[in-house]
Each structure stands twice: as structure tokens, then as C-alpha cells.
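A.B. asks: Dumping the structure here so I can ask a few things about it.
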Amino acid sequence: MARLLVRPPSPKLGMGELTHFSRVAVDADLALAQWRGYVDALAAAGFSPLEVASADNQPDGVFVEDTVVMLGATAVISLPGAASRRGEIDTMARTVSELGVDVQRIVSPGTLEGGDVLKVGSTVYVGRSSRTNDAGIAQLEAIAARLGYRVVAVPVTKTLHLKSQVTALPDGTVIGYEPLVDSAAVFPKFLPVPEPEGVAVVVLDESTVLMSAAAPRTAELLRERGLAVIAVPITEFEKMEGCVTCLSVRVR
């Protein structure tokens, strides 16, 4: 059974970092209920969720994707570009170490957040954003090259992370909401979607994806392409520039 790393949301979620969004009220109780619904949906799809230690004093800790990048059986612990998030990485490092995988780290002056990393086959697209810098990309490239991956740097100016703009379907087609995408031409196969909340999918298997319930037109588009779609509400995380991919990391 495939494992997924998750972490419960902090009661302080609404105090997290914001870059492109204006701050609005976040309902912490609703966020917890939505997180549980998200985890339950993954479990029902056959995954085994593994909880990283709670980090109630880390408002953004629920966004576990940003603190570790899995390249096969290698875990790359990030160094977040937002200094307020660096308190999240030690608990993640301990968790992945206990799983018996090889652990590598991004170190200063490099910064890298996993939300900027999109894997499509053996290609790793990395967003050069306000959170991920050239030194961080170079360090990830060195690690990835040893493991047989090719890294492609992508400019990110319109959103927080690369995966706030684009993610990939099971067949490798990259999807994105065009007004938010800096460089769609970078991707060999690109499919525009009609809603900003529709850019993010978690691939569950070759014919099934999980996505936000706030993008019904995108869900219908994907169903027309033959995919089964599981939609979950994540409104409280979307208020904090989060999406479905931010909330879990698959460990193969």
C-alpha cells in the first residue's frame, strides 16, 4: 500500500504566510474537518496516510509538500524560502529518516520549497519563485541527476509556487489556468483548464485524480478525457494559497 505523509492543520492556520492573496478569515475547525475529509478520501483510494508530528506553532505546517521532495527512494529535505517555515523541516526529516529512505538536504544559500517541484516522468520542473532560488535549484539538480532525473527551471512570478499554476495528469499532460501560468510553452503537452482552483490534481492511479470541489467545470473536462475525479472541499486551505497537492507527499 502506497504511503502518504500528512500533517494536521495548526489552529493558527489563518496566520500563515501569504504572498499573492489578501488575508481573509480562516475557520480552523472547518479546516480540520476538511483535512480529515481529504485524508479519508486518500485512504479510501488505497493509500496509507502517515501523520508527521503536529506543529501547532507552525501555521503553514499542514502544507507538508513544501518541506520534502521525493525522488524515488530519496527524500530531499527543503530549506523554505519563507524563514517562518523553517521550523517545520526537522520533524519532517525525522519522519522520513524513520521510513528508511535516503535523506538529502537543501542547504543555505539555497532555498527550495516542494510546491515549486513538479515531476513528470523523469523530468523535474522546478519553479524559480519568491521561495525557491537558483542555488536551491542547482542543489536539487545535482541530487536529481545522480538519480536519473532531468531538471528544468521554470519562471514563477504570478503565483506562490509552480504547482499553484500547473500540475500533471496521469498521462503526463500538464494542466493550468492560463492567466496564472508564466510559461505554458515549457511543457510538451499543456491543457488549459477553466478555473484557477482546477490547476491542482493528486494522481491516485492511471485513471483517477483527486481535486478541489471548487472547480466543477475542470472536473467535467477531466471526466470527458476519461478520468475518474474525486472532488473534496478545501476552501480554508485555498484561502492560504494552498491546494490539494500541498497537503500530502507520496512515499514510494
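The values are calculated or read from the model by the stated rules, or taken from the named source; none is laboratory data. Computed from a prediction, not measured in an experiment: that's the story for all the values here. Because the Cβ atoms are built from the backbone with ideal geometry, glycine has one as well, and the counts that use them run over all protein chains shown. The accessibility values were calculated without ligands, DNA or RNA, using every heavy atom of the protein model including side chains. Shrake-Rupley method; radii C 1.70, N 1.55, O 1.52, S 1.80 Å.
A.B. asks: So what J values fall out for segment 218-228 if you push phi through Karplus, 6.51 cos²θ - 1.76 cosθ + 1.60 with θ = phi - 60°, rounded to Hz, Gly and Pro as x?
C.D. replies: 5, 4, 5, 4, 5, 5, 5, 8, x, 8, 7
A.B. asks: Under a point-charge model restricted to the Cβ atoms of Lys and Arg (+1) and Asp and Glu (-1), what is the dipole moment magnitude of the chain relative to its Cα centre, in debye to the nearest 20?
C.D. replies: On the way: 23 positive and 29 negative charges, 98 e Å.
Computed charge dipole of the chain: roughly 460 debye.
A.B. asks: When the chain is treated as a GNM, springs tying every alpha-carbon pair under 10 Å, which of SER164, SER84, SER130 comes out with the largest mean-square fluctuation?
C.D. replies: Highest fluctuation of the listed residues: SER84.
A.B. asks: Still on this structure: Answer rounded, prolate or oblate for segment 1-83, using the Cα gyration tensor with square roots of eigenvalues a ≥ b ≥ c: rounded when a/c is under 1.5, else prolate when a/b is larger than b/c, else oblate. Could you put the intermediate results ahead of the total?
C.D. replies: On the way: a/c = 2.23, a/b = 1.23, b/c = 1.80.
Cα axes put segment 1-83 in the oblate bin.
A.B. asks: Quick one: which residues, 5+ away or cross-chain, put their amide H under 5 Å from the amide H of GLY127? H built at 1.01 Å from N.
C.D. replies: VAL117, LEU118, VAL154, LEU162
A.B. asks: I'd like the FRET efficiency for SER122 and SER183, computed as 1/(1 + (r/R0)^6) with the beta carbon distance as r and R0 of 25 Å, rounded to 0.05.
C.D. replies: Values: r = 20 Å, r/R0 = 0.81.
Computed FRET efficiency for SER122 and SER183 comes out at 0.80.
A.B. asks: Tell me, what % of the accessible area of segment 15-160 is carbon and sulfur with a 1.4 angstrom probe? Before the final figure, lay out each step's value.
C.D. replies: Numbers: 3140 of 6220 Å².
Here carbon and sulfur together make up 50 percent of the probe-accessible area.
A.B. asks: Could you check which residue among ARG225, ARG128, ARG23 shows the biggest mean-square fluctuation in a GNM of the chain with a 10 Å Cα cutoff?
C.D. replies: ARG225
A.B. asks: Work out, step by step, the length gained on full extension between GLU195 and THR235: first 0.36 nm times the residue separation, then minus their alpha carbon distance; give nm to one decimal.
C.D. replies: On the way: separation 40, 0.36 × 40 = 14.40 nm, distance 1.42 nm.
Residue separation times 0.36 nm, minus the Cα-Cα distance, leaves 13.0 nm.
A.B. asks: Give the residues of segment 76-97 whose amide nitrogen is closer than 11 Å to a point set 7 Å from the Cα of ASN57 in the direction of its Cβ.
C.D. replies: 87
A.B. asks: Output the relative contact order of segment 186-252, whole-number percent, from Cα pairs under 8 angstrom with separation of 6+ residues. Intermediate values should be presented prior to the final figure.
C.D. replies: Values: 80 pairs, mean separation 19.7, N = 67.
Taking the mean separation of contacting Cα pairs over the length of segment 186-252, I get 29 percent.
A.B. asks: Would you calculate, for the chain, the mean residue ellipticity at 222 nm contributed by helices, counting each DSSP H stretch of 4 or more residues as -39,500 (n - 2.57) and dividing by all residues, to the nearest 500? Walk me through the numbers on the way to the answer.
C.D. replies: Working: 5 runs with 53 residues, N = 252.
About -6500 deg cm²/dmol.
A.B. asks: Could I ask something else about it? Scan around GLN104 for amide H atoms under 5 Å from its own, H built in the peptide plane at 1.01 Å from N, and keep only partners 5 or more places away or cross-chain.
C.D. replies: Residues meeting the amide H criterion: ALA75, VAL76, ILE77.
A.B. asks: Decide, for segment 115-252, between rounded, prolate and oblate: order the square roots of the alpha carbon gyration tensor eigenvalues as a ≥ b ≥ c, take rounded if a/c falls under 1.5, and otherwise choose prolate if a/b is larger than b/c, else oblate. Walk me through the numbers on the way to the answer.
C.D. replies: On the way: a/c = 1.68, a/b = 1.43, b/c = 1.17.
Here segment 115-252 falls in the prolate category.
A.B. asks: Now, a different point. Taking θ as phi - 60°, what are the ³J(HN,Hα) couplings along segment 169-186 by the Karplus curve (6.51, -1.76, 1.60), each to the nearest whole Hz, with x for Gly and Pro?
C.D. replies: Running phi through 6.51 cos²θ - 1.76 cosθ + 1.60 with θ = phi - 60° gives 7, x, 8, x, 5, 8, 10, x, 8, 3, x, 9, 9, 5, 8, 5, 5, 5 Hz.
A.B. asks: Read through the labelled values [x] -0.37, -0.99; [y] -0.34, -0.89; [z] -0.51, -1.11 and report the label of the one computed as log10 I(q)/I(0) by the Debye sum over Cα atoms at q = 0.09, 0.14 Å⁻¹ from the structure.
C.D. replies: Among [x] -0.37, -0.99; [y] -0.34, -0.89; [z] -0.51, -1.11, the one calculated here is [y].
A.B. asks: Would you pull out the residues with amide H under 5 Å of ILE234's amide H, same chain only if 5 or more places away, H placed 1.01 Å from N?
C.D. replies: Those qualifying (amide H under 5 Å, at least 5 residues apart or on another chain) are ALA213, ALA214.
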